[in-house]
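Here is the structure we will look at.
All of the numbers you see were taken from the coordinates with simple rules; none came from a lab. From a predicted model like this one, the values you see are computed outputs, not experimental measurements. So basically every Cβ, Gly included, is an ideal-geometry build from the backbone, and we count neighbours across all protein chains shown.
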Amino acid sequence: MQNIKKNNMKRNNFKVWLFISATIIFCAFTFITLIAAAAVEEGTDGNSSTTRAIAKLYYIFRFPTHSLFFSFMDGHFFFLGLGINCLFYGFIMERVVSAFSKRN
């Protein structure tokens, strides 16, 4: 009976360093795409196709908070929402990497 409890209470092996690293990387990508989207909106992108492509990626990085709750995203909530998105994508990336490392 005790052996069954040990197997059920097995640790999840959440890699904090991977979560933090992925979150920081996603924050950098989100910031870059935000700046590119702002440049395209203002017309200061110089008609560059690369900048326009990066700006379109902003729609991916702003999901899910800005896509679902855009009417609430004003002022400091705008950047708070982007931070929550970065945490979300960092968590997803950590879980994906963890799942693939368990398979091997």
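Key figures
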item: Tilt relative to the chain, helix 76-103 - C-alpha long axis, 0 to 90 degrees, to 10; result: 40 degrees
item: Net dipole in debye of the chain [+1 Lys, Arg Cβ; -1 Asp, Glu Cβ; about Cα centre; nearest 20]; result: 1080 debye
item: Cβ crowding within 10 Å averaged over residues, with 25-31, 42-48 ranked highest first; result: 25-31, 42-48
item: For the chain, built as a Gaussian network whose Cα springs stay under 10 Å, the top-fluctuating residue of Phe63, Phe78, Phe19; result: Phe78
item: Answer label for log10 I(q)/I(0) by the Debye sum over Cα atoms at q = 0.13, 0.16 Å⁻¹ (calculated), chosen among [x] -0.41, -0.63; [y] -0.60, -0.79; [z] -0.56, -0.74; result: [y]
item: Selection from Leu68, Ile24, Ala36 lying farthest towards where the dipole of the chain points positive, charges on Cβ; result: Ile24
item: Cα long-axis angle, helix 49-61 against the chain (0 to 90 degrees, to the nearest 10); result: 40 degrees
